[in-house]
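First the structure, in the form of structure tokens, and then the observations on it.
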Amino acid sequence: MSDLDEFKVTYFDECSELLGELEEIFAVIELGDRDSARINAAFRAVHSIKGGAGAFGFSALVEFAHGYETLMDQVRDGRVSMSDDVVTLCIRANDLLADFVGAARSDAPLAAEHGLAEKLQMAALAEGQAIDGELDDFDFDFTPIAVDLGKDEAETKIEVHTDQFADAPSTDLDGQWEISFRPHAALYARANDPLLLFRELAALGHMSVQAQMLDLPPLADFEPFGVYCLWTISLVSPDLTEAMIREVFEFVEGDCDISVVRLGEQTGTGENDVTVQVAISATDVLDPNINDFLMLSDDEIGAMIEFGEPDDLREAPLVGQETVGASIPQEAIAAGPEAGIPEPTSAKPIVELADEGDRRAVGVQSIRVDLEKVDRVVNMVGELVITQSMLTQQMDETLRTQYTELVRGLEVLAQTTRGLQDSVMAIRAQPVKSVFSRMPRLVRELGLKTGKTIKLEMVGEATEIDKTVIEQLSDPLTHMIRNSADHGIESGAVRLAAGKPEAGTIRLGAEQAGGNILITIEDDGAGINRERVLQVARSRGVVAPDADPTDEQIDQLIFAPGFSTAEAVSDISGRGVGMDVVLSNIRKIGGSVNVRSRPGRGTRMTLRLPLTLAVLDVMLVQVGQSRYVVPLSSIVETIQCSRAAFSRVPSGGQVLHVRGEYVQVIDLAERFELDGARDAESRFLVLCEAEGSHKIALIVDDIMGQQQVVIKSLEENFERVEGIAGGTILGDGNVALIVDVQGLKASDPHRTAA
Amino acid sequence: MTGLRILTVDDSRTILAMLHHTLSNAGFEVFQAEDGRQGLEVLRTQKVDVVITDINMPIMDGIEFIKAVRASGEFQSLPVIILTTETSQDKRDQGKAAGGTGWIVKPFDPEKLISVIHRVVH
């Protein structure tokens, strides 16, 4: 039972993927791409879902999937055209299929009429009828029926026969069958082998085989897969039926001439005659010159072909012109040598294969691994990185000159560790496609709900990003797209009046930029209504009444907690708990959100996300007696304080004038209440870029270098600290805190709106 | 008969998992591929005694896969069992025409699967 449950887990996992695939396929098909490869892929997805469902006996799911599959099969073959109606039906069917999968998973059967209308429509289409409402008279039946009249008839007859003559006196020939069997070349071409058939026949009863050689060519002309032999097999067993014999030949039917005759019945006529002669190929009439009868054991033939000198045998037929008879007992067949007539030659490639079997290469392209196992490796590699850098730091000059080999070894170790780390991180990476693929459906639904026509464009779906990040991405993306559809994109009439195309476009993009992944959600809507935003922000106290924020700052206000500008709260964007949740979710995974809006032209939101959550490239800085690390990805440049141009601002803070820009300055010693170096001139400024390309400058006492650190969560081990993103263990075993640049800026007491 | 090396080719992980379960319980060594192309890849590097393949697969379907196997010369006598569904008789025939040795209908009965394998392997 547990095996079955395990399969079920695999199956439902697979179903989720296939359903996602279907959705994706139809999102493209809906846009007018009716490429046959896509339709084929859709067919396969439905087919796979049905296949697995059959294995577990999910009959409702099988039934629905079967109807859908049948329709897709017709579409694939061009018998049903992929009209818009059909596309709509299929999209609906995808949802229903998901319902049926869900029902099977939770073991909660759906109502009988669930999806019935669609089933009928699909059946009608597959039957070549147009979609219409009048489906009542349609005779609906999806149960697949296996029809094999010939065989069933034969079996029935045998039964009738047995009933009638069960008590009749039996003759000597009772239970004796004679089978003549002549393979075609096709039989060998499909890797079937008469010997295997005989082996199986031998298991049915006492068997004797007579081989009859056809024209045998000289050995030099001998075709390994040629047909040089036919056989007459006699089989004795009291309870044998023709069906049992036929079953042995099931796979070679059509690839051979075969007749099965029950001895003693040959002359029988009339309705109860069970002698059946079938599958005689018209193209392969028996050679009239058959005069060589031969019965050789496999050993003999094998020996002849293997040891005979080709020169000696070239002119003479391979075997003599005499008839040899032999009876092959059951055991001999079962334990017999592996050489059938064509075997000595055909066995050769197998031997070669065996030699090649030593090559260690695995053809399977991917494996599935429990994420927990990967995380364990990631963690251990993290520890390894720390140990490695600890070792490197222990090397002083004396040791370096003394132990050159050791130093070289450590250098190699450092390189390998770095490589190992990169590779392990790559394991966790997944294409963003898995999240993006859910969005077309969302946009479709939003379009229906809002009555707007919205197109979704996606680029960069193959961009890879850490799996944990991906998992955290779905909710923020959904929210932002909802926001765009609800607030950003105008109604069709408004758009037309503004000289824009009636259909609005939401563009979803992903790209890698250095150590970050940028996800952009862009719409060509009305842009952010800054006047309104500011008004609301003021009325809610988010912004001081006298402050005069810049346009960019106003745009950023939509992420403020409890903020919503929707004049009428809709069920799409929610109730004002939208964008601030987005921001906090993104921050949680070490990312940032930036919004840019152009009135009347649209809004672009950019999520900047770390490639991986586990390891960070940092700059190590000294502040007082403590060391801090600043994420390298946020550092723009470092400047010596003695060379920097500071100005005081009325609020008491400092700003830095750098390349025509005023940058807010935060003294980390002051901020974290540490004893910083008193000599201001020897200190350094670390210029960082925060959200929305806003810069801040951090004053530190010294810069100590760059390194990679493994992030340890403070929240998990202690509690959240403002301005600190986490902790890390340095090479010497000491703990350093990771500076949260964005958080520092937000919490700066000197922050002004300017 | 145990110790046979069997290549299973199917784009459904469920089917692959079930085949693996049945076959490895029977003492066989199982290789897996998710489409024909991967299947050929395995054949290039591993010695395999039997192939069990699905028909409907992406990239390279079962029919093409069987054709490629038979065309390779090296694998003319490699038994290939087709996995079919009850309703796709034509697919089975196509698979057979391409060079399939035998077939088994999905969802398969484990005992039947083993007996089919025995029927096509020495």
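The values are calculated or read from the model by the stated rules, or taken from the named source; none is laboratory data. Nothing here was measured: the structure is a model prediction, and the numbers come from that model. Using ideal geometry, Cβ is built from the backbone for each residue, glycine included, and neighbour counts are taken over all protein chains shown.
Some observations on this one:
- Odd one out for A:I519 among (1) crowded, with 20+ Cβ neighbours inside 10 Å; (2) free of Cβ contacts under 8 Å to residues at least 60 places away in the same chain: (2)
- Any helices (runs of 4 or more DSSP H) falling wholly within segment A:1-89 and containing at least 3 residues that are hydrophobic (A, V, I, L, M, F, W, C), without any contact (Cβ under 8 Å) to a residue 40 or more places away in the chain and within 11 Å of another protein chain (Cβ to nearest Cβ): A:36-56
- Number of residues in segment B:29-39 that are facing another protein chain (nearest Cβ under 8 Å) and in contact with a helix residue (DSSP H, G or I) (Cβ under 6 Å, 6 or more places away or on another chain) equals 4.
Yes/no per residue for (1) under 34 Å from the mean Cα position of the chain (by Cα); (2) at pLDDT 85 or above; (3) not β-branched (V, I, T):
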residue	(1), (2), (3)
A:P545	no, no, yes
A:A566	no, no, yes
A:D571	yes, no, yes
A:G578	yes, no, yes
A:V582	yes, no, no
A:R598	no, yes, yes
A:M605	yes, yes, yes
A:A614	yes, no, yes
A:S626	no, yes, yes
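- Residues satisfying the stated conditions in segment B:48-73, i.e. touching an Asp or Glu at 6+ places or on another chain (Cβ under 7 Å) and facing chain A (nearest Cβ under 8 Å): B:M57, B:P58
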